[in-house]
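These notes concern the structure reproduced below.
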Amino acid sequence: MDFTNIAFYIFAALTVGSAGVMVFHRNVVYSAVGLLFAFFGVAGIYVLLAADFIAIVQILIYVGGILILLLFGVMLSQKLTKVDVRTESMQLVPAVVVVGGVLAVLLLTISSTPWKLAGSLEYEPTTKAIGRLMMTEYLIPFEIASVLLLAALIGAAYIARKN
Amino acid sequence: MEVGLNHYLALAAILFSLGLFAVVTKKNAVTVLMGVELILNAANINFVAFARFIDTDLDGQIIAVFVIVTAAAAAAVALAIVLNLYERLKSINLDEADSLAG
Amino acid sequence: MITNAILILLLPLAAFVVQISFGKRLPRKGDWLSTGAMFIALFMALSILVDAISTYESNKVLAAQTWEWFSFGSVHVTFGIVIDNLTAFMLFVVTLISALVHLYSIGYMHGDPRYSRYFAYLGLFSFSMLGLVLVDNFLGIYVFWELVGLSSYLLIGFWFEKDSASNAGKKAFITNRIGDVGMFAAIMILFSTFGTFDFDGVFAGVAAGGLSDGWLTAAGILLFFGAIGKSAQFPLHVWLPDAMEGPTPVSALIHAATMVAAGVYMVGRTFVLYSADALFFIAVIGTITAFMAATIAIVQKDIKRVLAYSTISQLGYMMVGLGTGGYTAGLMHLTTHAMFKALLFLGSGSVIHAVHSQEMDDMGGLRKKMPITFWTFLIATLALSGVPPLSGFFSKDAILASALEYGMRHSGQMWIFVIMLLSAGITAFYMFRLVYMTFFGEPADKKKYDHAHESPLTMTLPLMILAVFSIGTFSWGWFEHLISKPSLAAYGAVAAVAEHGGGHDDVAHTAHTIAMISSIVVALSGILLATTVYYWKKISAETWGSRLKPLYNLLWNKYYFDELYAATIISGTLWKSRFLAMFDLRVIDGVVNGVGRLTAGLSNVSGKVDLRVVDGLVNLVGRIVAYAGARLRTLQTGNVQSYLLMALFAVIILFVIQQF
């Protein structure tokens, strides 16, 4: 086992473990912290996959943006002074059966599919190339994404305000 | 054992299932949203892994960037909806938002 | 040039779309838009025509382009545009007359409640007709063929509040459909044999002998069926006179100049396909049509009906021209006829506009009231009668020469020429009858006469332009050079396929001389006779009419074609319906009634059973359903998460099913 393999297992364990905390802990704030570490773990996975730019974006946006947003959501809608920041679960048994089934289906499919592996496994910086693609081939999706963000901004402000 | 594509896909599948479980079982709307984020992360791992192992250009990574953008937009709108829900029901428990019930 | 052609095609379509969507809200209801679009198309067509003439090469393909349309299996259906000299001429004729009719309609349709709809339909028609002349394959020509039929239907029945108009529209549509079935069958024969719809591909296949003589003749005759319907040839000519219920400019555009000529164009475009037998069939049908329609036109009193029968007759001429091998003659007559017949219709529209009647008995003496209409009408009449040096003389003379040559080369076929010559005389006669009854003599209806006035400039300007084109702009020589008879040899025919007629030998020369002299003589004698009867009144039309009562009745009733169809086909259908109705009434109703009575008796008994047993059962079923519903409604929790769970469960089931 070389270093990258060890790193994969460390990051995978971090991701799955934190995600487990996030899913199974009853306190919403703990869940948010679990999610934080899961995001970090996924960022590590991206690094192993030679996606340095995505890894940075993952930390910047997910950790810096979305997670903060989620915490605000928790705090605005729940009274932290009361201890009732818990989340309850429902339909546990059918959920375990069905989600277990979905996981089994996915794993079966992954293991039974003959993937056509190809290409070199070099590590190269991607930021410059992605930037170039964004301004050339993916210019229109890029612009549409900016319009989408603007629309989401306005829409969120409109929906959230008090009448 | 050498870590390959299947490992990453399996990790993504597990992450996906955990997110799905949260989405299906949690009463708290914010927790459901966290589950959705987990699912999106799982999908992103798939994109990046395929971009690395099968189609060795940057298309997969670009898609991942767009997924993150979309996720940010979705989180913003969804939280706005949650706040609005809280205004109306004084609760963000999804089992109380059941006006679709037959 | 391809871009030009596509623009010519798309301009009227764009006008149609704009008009139909929001024509009513445009200033002046958008008439300027449609008219302007057509005039732009006209100038583009003119530039193409100038190109064609300045190139001055026989049957030159100026431009062609093909796109893949769709494909199934190994069959690739293409859609393309081809512009040769014939297309250039047709484009010019169609856009010219369409543009002038648009202009004319501004005056004629003024104040109509569906003014913008009318222009929309005109645009649709122009688009379809231009598409028809531009496409390079059978499937495309069939599609546009049906589209012109549709727009013709819409425009004939434009004043659908009148029963006669909506019935005429239906009649035109259904009659055309009968011919189209034949055309479709022919296209299918060709497609199943050669696996392509392209003109060039099919012709090359025919040239290589891919179709036996019998099948080739069958395909040719079936294809001609489409032309019989669209060009109102015997025996499917009955729709065209009724189509005069449409607005008069429409009659000029569709039912005189362009759409009815589509049949002639189609035969011309696919000319190399026709075997000698098929051509003979075309010539015979054309002869019958020309003579029959000309004789009917003698006695009609409705000005538009006279012109309608004249159109049928002239279309017969074109068919004879093509059928006897006078390819150029037929197509030239198509061009010249389009000009002067459109002029005649627009002129008659101007008259109708002035006196508000279509009956010639209501007119008379209008010469002084409407000088422009009169003079332009007279020019067109002279052209139609075949008086030199007007355009109609050249083309009609060429057709007669072609018929005569055919008679000289094939023994026993001289009758075609004789009948056509006779019809030419009749044509001159009835046209001058029309002119004398409308423009000369004493006003028949004093009140209408005093009310009459010359039409506005938008209506007279098209008349004058068309009059210019009716004067000898077409001379035989250069037209024949540009559009000369195609032969299969051009498509690589291996064996020497028998060429039918044609050629510049002594026979052709003799035929030309004889035909020219005799056609002038006949035309002049027809005019003279008409003048004697209707101007000098030396011979009384009424006396002769009553002396030849049976003949007069036969013609007045249009050879009883409508009655014949009513008695056979229509009444046959009705008889069948009546029989079925009777069967329904007696047999089925009897059985039903018997069953009914039996049931009534049984009902009495079962009523009692119902009350006790059945009601009990029904209530039980109801209660079970209600109970099941109450249980099942809990499935609809309203909780989105449980819905998601069920959907996921379905995904797993699908996966399992797919695995086994």
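Couple of notes before you dig in:
- Computed FRET value (nearest 0.05) for C:LEU457 with C:ARG114, which takes r as the C-beta separation and R₀ as 25 Å: 0.55
- For chain C, the longest principal axis of the C-alpha atoms and the axis of helix C:138-156 are separated by about 90°.
- Longest to shortest principal axis, alpha-carbon extents of chain C, angstrom: 99, 64, 57
- Inter-label distance, C:GLN413 to A:VAL63: 9.6 nm, where each label sits 7 Å from its Cα along the C-beta direction.
- Cβ-derived FRET efficiency at R0 45 Å, C:ARG28 paired with A:PHE72, nearest 0.05: 0.15
- GNM flexibility winner over chain A from A:SER112, A:SER18, A:SER31 (Cα, springs under 10 Å): A:SER112
- For chain C, the relative contact order works out to 12 percent when only alpha carbon pairs closer than 8 Å and six or more residues apart are counted.
- Considering chain B at the alpha-carbon level, its Rg and Dmax are found to be 17.0, 54 Å.
- Spherically averaged projected area of the convex hull of Cα atoms, region C:221-260: 2.7 nm².
- Overall size of chain A from C-alpha positions, given as principal axis extents largest first: 55, 40, 28 Å.
- Shape of region A:124-163, Cα gyration tensor, a/c cut at 1.5: prolate
- Region C:184-199 and region B:41-61: distance between their alpha carbon centers, rounded to Å: 51
- At 1.567 mPa s and 4 °C, Stokes D of the protein assembly as shown from Kirkwood alpha-carbon radius, µm² per second: 37
- Relative pair counts by distance (%), Cα atoms of region A:1-88, 5 Å bins: 3, 15, 20, 20, 16, 11, 7, 4, 2, 1
- The rule of thumb for compact globular proteins, 2.2 N^0.38 Å, goes into the C-alpha radius of gyration of region C:237-396 1.05 times.
- Our estimate of slack between C:LEU602 and C:SER357, defined as 0.36 nm per intervening residue step minus the Cα-Cα distance, is 81.3 nm.
- Mean Cα-pair separation over length for region A:1-88, i.e. relative contact order, pairs under 8 Å, 6 or more apart, %: 29
- For region A:93-163, the gyration tensor built on C-alpha atoms gives an oblate shape. Its axis ratio a/c (a ≥ b ≥ c) is at least 1.5, and a/b is not larger than b/c.
- When only alpha carbons are used to place a centre, region C:535-593 and region C:371-424 end up 34 Å from one another.
- Rel. contact order, % - alpha carbon contacts under 8 angstrom, at least six apart, region B:27-90: 36
- C:ILE653/C:PHE579 FRET efficiency (R0 60 Å; Cβ-Cβ; nearest 0.05): 0.60
- Signed unit charges on C-beta, dipole axis of the protein assembly as shown, positive-most listed residue C:PHE224, C:ALA256, C:VAL320: C:ALA256
- Gyration tensor verdict on region C:318-473 (Cα atoms; rounded if a/c is under 1.5, prolate if a/b is larger than b/c, oblate otherwise): prolate
- Label-reachable residues, region B:59-79, where backbone N falls under 13 Å from a point 7 Å from A:ALA157's Cα toward its Cβ: none
- Ratio of the Cα radius of gyration of region C:294-342 to 2.2 N^0.38 Å, where N counts its residues: 1.22
- Links that overshoot a 22 Å alpha carbon limit, given the list C:LYS304/C:LYS537; C:LYS304/C:LYS558; C:LYS301/C:LYS537: C:LYS304/C:LYS537
- Exposed-loop-free span, longest in chain C, where GluC sites (Glu not before Pro) count as exposed if DSSP calls them loop and at most 13 other C-beta atoms lie within 10 Å: C:162-498
Each reported figure results from applying straightforward, stated rules to the coordinates on display, with no laboratory input. Since this is a predicted model, take the numbers as computed values, not measurements. In this analysis, Cβ positions are derived from the backbone assuming ideal geometry, glycine residues included, and neighbour counts consider all displayed protein chains.
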